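See structure below.
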Amino acid sequence: MTVQGLTLIRNGVRLLDDISTTIRSGRITVLLGHNGAGKTLFLSCLHGLIGYEAGRIEGPPRASQKMVFQKPIILRRSARHHLEFICPDIDRKLLEELMGRAGLAERIDAPARALSGGEQQKLALIGAIAAKPDILFLDEPTSHLDFEATEFIEAMITEAHANGTSIMLTTHNRAQAERLGEDILLLDRGELIEVAPADQFFHSPKHPIARQYLAHL
């Protein structure tokens with residue numbers, strides 16, 4: 001996916017400022033930045049959810065993309081029927097296997113909106129991955145989740161990546177970014193400050209803002 005000159009302006013404020021970069025296919029890209037840096041807006045533009053004033057985005061068609069928000073969108077139906085709606089061609093045995101792996105086997109026929117926050121996040125991720133998208137956007141997928149839920153979600157991300165899905169996620173967790181990330185993008189006040197392979201970024205960042213960010217992450 002390539003981005004050229006992406007600029008988003010709201011009420012006279014440049015929320016995304018002339019961003020140009022390439023999100024490499026088949027990689028796990030981690031998007032970092034302080035609150036308000038523009039991370040969610042950037043993901044939403046890439047996924048085609050919001051318009052922008054200038055620039056161009058080229059990537060897989062929207063139908064072959066999925067996005068899971070920090071607060072996932074959950075339908076008013078059972079967990080089973082939520083997944084069947086999101087992935088109408090999903091095999092019944094696969095659905096039950098995924099729910100079992102997520103520790104949700106006993107909740108499969110419960111109202112999806114009655115699940116806990118962590119359970120809803122697992123459900124949303126299962127649905128997104130089961131659709132086998134070309135690229136998957138994840139906005140802080142483990143924010144406020146316990147260790148068990150975080151471990152499951154990271155395992156699913158790693159598995160989806162191994163099966164060929166490109167993944168772009170945001171996180172405020174440095175350890176998670178180092179565990180999962182192959183490429184790192186750092187946003188600061190809507191500007192793309194640094195793009196680097198993960199090892200280079202975490203050990204020898206080039207931009208002073210990147211060094212300052214890591215010192216407080």
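The values are calculated or read from the model by the stated rules, or taken from the named source; none is laboratory data. Just so we're clear, the structure is a prediction, and the values are computed from it rather than from any experiment. Note: ideal-geometry Cβ built from the backbone for every residue, glycine included; neighbour counts use all protein chains shown. Just the protein is used for accessible areas: all its heavy atoms, side chains included, with ligands, DNA and RNA removed. Shrake-Rupley method; radii C 1.70, N 1.55, O 1.52, S 1.80 Å.
I'd like the projected area of region 70-159, averaged over all directions, using the convex hull of its alpha carbons. Report it in nm² with one decimal.
5.3 nm²
How large is the dipole of the chain about the Cα centre if only Lys and Arg carry +1 and Asp and Glu carry -1, each at its Cβ, rounded to the nearest 20 debye?
The dipole magnitude comes to about 460 debye.
Taking 0.36 nm per residue of separation and subtracting the Cα-Cα distance, what length does fully extending residue 158 through residue 7 add?
51.2 nm
Under 8 Å for C-alpha pairs, at least 6 residues apart: give me the relative contact order for region 41-124, rounded to a whole percent.
Across region 41-124, relative contact order equals 32 percent.
How many Å² of accessible area per residue for region 1-144, probe 1.4 Å?
Details: 7190 Å² over 144 residues.
Ligands and nucleic acids excluded, the result is 50 Å² per residue.
Using a Cα distance threshold of under 16 Å, what count of lysine pairs results for the chain when pairs must be 8 or more residues apart or interchain?
Close lysine pairs under the 16 Å cut-off: 5.
Suppose R0 equals 41 Å; then what is the FRET efficiency for residue 50 and residue 94 from their Cβ-Cβ distance, rounded to the nearest 0.05?
Step by step, r from the Cβ atoms, then E = 0.80.
Could you tell me the relative contact order of the chain? Use alpha-carbon pairs under 8 Å, at least six residues apart, and round to a whole percent.
So the answer I get is 28 percent.
Summing -39500 (n - 2.57) over the DSSP H runs of n ≥ 4 in the chain and dividing by its residue number, what mean residue ellipticity at 222 nm do you reach, to the nearest 500 deg cm²/dmol?
Result for the chain: -10500 deg cm²/dmol, rounded to the nearest 500.
What whole-number distance in Å separates the alpha-carbon centres of region 1-53 and region 91-118?
Cα centres, region 1-53 to region 91-118: 33 Å.
Measure off, as a whole percent, the carbon and sulfur share of the 1.4 Å-probe accessible area of region 71-217, all protein chains present.
Values: 3640 of 7390 Å².
Roughly 49 percent of what the probe reaches on region 71-217 is carbon or sulfur.
Label-point separation (nm) for residue 207 and residue 179, each offset 7 Å from Cα along Cα-to-Cβ?
2.7 nm
Of 77, 56, which has the most accessible area with a 1.4 Å probe, and how do the rest follow in descending order?
56, 77
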